[in-house]
2 protein chains.
Amino acid sequence: MDCQKALLEAEGDTEKALQILKQQGLLRAKKKADRSTTQGIIETYIHAGGRIGTMVEVNCETDFVARTDEFKELAHHLAMQIAALSPKFISETEVPEGDDIDPQVACLLLQPDIRDPGRTIQDTINETIAKVGENIKVGRFARFELGSQKA
Amino acid sequence: MDCQKALLEAEGDTEKALQILKQQGLLRAKKKADRSTTQGIIETYIHAGGRIGTMVEVNCETDFVARTDEFKELAHHLAMQIAALSPKFISETEVPEGDDIDPQVACLLLQPDIRDPGRTIQDTINETIAKVGENIKVGRFARFELGSQKA
């Protein structure tokens, strides 16, 4: 339904229609951004035979959504993303002032999605928000790499 | 072999013999305590359908030992222990001075082993040290419980 409308609005231009759909998703996600997220799941991922491990808390509004495949799949994907691109922060608001870093490298939500580098992790999360109809937030994450710890 | 000697030394008293064996293990572990541990694995554990997650880095001396079942089993057991008894620190040396806490509650190595509350986690680690013949250390750990985060 959304697709049809978007195609009509874009006068048959699929590229433009995709842009419209993305913006609609973003708008929907923004509308939900203030809703409190107290439910969710903790997901972990082990890479390279135990040399890298990640853990992420992903929050949503209800336990019902937390149990859906879409939500679990998102949590798993985020755990893999953190293993692959080792972000330091969740979002730009966490970056200490004066810190000379590239937010698109250091912030999970601004990183290119490893499965689809044309979009950001926030885009991917927005897509799941649109699917499940609840606000979703990354609560926290940790990434351990063997021997990478300061002694 | 060790058992026979210990029983002889304890003049057949099994309780005393166990004590002797435990001390021998401790001595052996202490001898290895200064050896550097740069290898190991990251292990994770998810509890209660994703409501609690733990991640632990356990270090040993060689990749060979890191791949043994004994070592992997220890790492898994530590991840479960952290989920069950939520320690705040690894050892007593990490506790900030003046902090009014019970080290046997807050420090992983001093906690009673959930599988065998008569001994501490350090005892359990010492046992694995004796088995694999390498120094073993807990590098770091993290424990996420759904919604327990300070906002």
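Give me the pairs, please: first residue somewhere in the range A:2-20 and hydroxyl-bearing (Ser, Thr, Tyr), second residue anywhere and part of a helix (DSSP H, G or I), beta-carbon distance under 8 Å, and either six or more positions apart or on two chains.
Every condition considered, the pairs that remain are A:THR14/A:LEU7.
Yes/no matrix, rows are residues, columns are (1) β-branched (Val, Ile, Thr); (2) touching a Ser or Thr at 6+ places or on another chain (Cβ under 9 Å); (3) more than 18 Å from A:PHE144 (Cα to Cα):
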residue	(1), (2), (3)
B:ALA83	no, yes, no
B:LYS88	no, no, no
B:GLU94	no, no, yes
B:PRO112	no, yes, yes
B:ILE125	yes, no, yes
B:LYS137	no, yes, no
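Somewhere in the range A:4-26, is a residue open to solvent by 60 Å² or more (accessible area, probe 1.4 Å), among the β-branched types (Val, Ile, Thr) and over 21 Å from B:GLY147 (Cα atoms)?
Yes, the range A:4-26 contains at least one residue that is open to solvent by 60 Å² or more (accessible area, probe 1.4 Å), among the β-branched types (Val, Ile, Thr) and over 21 Å from B:GLY147 (Cα atoms).
Quick one: would you say B:THR44 is at pLDDT below 95, of a type outside the set (Asp, Glu) and surrounded by 16 or more Cβ atoms within 10 Å (Cβ to Cβ)?
No.
Failed condition for A:ILE82, given (1) out of contact with any strand residue (DSSP E or B) (no Cβ under 6 Å at 6 or more places or on another chain); (2) under 19 Å from A:THR120 (Cα atoms); (3) modelled with pLDDT of 95 or more; (4) within 14 Å of another protein chain (Cβ to nearest Cβ), with all others met?
Failing condition for A:ILE82: (1).
Quick check on A:ASP69: is it within 29 Å of A:LEU146 (Cβ to Cβ), surrounded by fewer than 16 Cβ atoms within 10 Å (Cβ to Cβ) and of a type in the set (Asp, Glu)?
no
Exactly one of these conditions fails for A:GLU94: (1) at pLDDT 95 or above; (2) open to solvent by 40 Å² or more (accessible area, probe 1.4 Å). Give me its number.
(1)
Filtering the range B:113-151 down to residues that are small (Gly, Ala, Ser) and open to solvent by less than 20 Å² (accessible area, probe 1.4 Å), which residue is nearest to B:ILE82 (Cα to Cα)?
Across the range B:113-151, the extreme among qualifying residues is B:ALA142.
In the range A:30-73, which residues are free of Cβ contacts under 8 Å to residues at least 60 places away in the same chain and more than 12 Å from chain B (Cβ to nearest Cβ)?
A:LYS30, A:LYS31, A:PHE64, A:ASP69, A:GLU73
For the range A:106-151, which residues satisfy the criterion of being assigned to a loop (DSSP other than H, G, I, E, B) and of a type outside the set (S, T, N, Q)?
A:ILE114, A:ARG115, A:GLY133, A:GLU134, A:ILE136, A:LEU146, A:GLY147, A:LYS150, A:ALA151
The values are calculated or read from the model by the stated rules, or taken from the named source; none is laboratory data. Quick caveat, the model's predicted, so the values are computed rather than measured. Glycine gets a Cβ as well: all are built from the backbone with ideal geometry, and neighbour counts include every protein chain shown. Quick note on the areas: whole protein, heavy atoms, side chains included, nothing else; ligands and nucleic acids left out. Shrake-Rupley method; radii C 1.70, N 1.55, O 1.52, S 1.80 Å.
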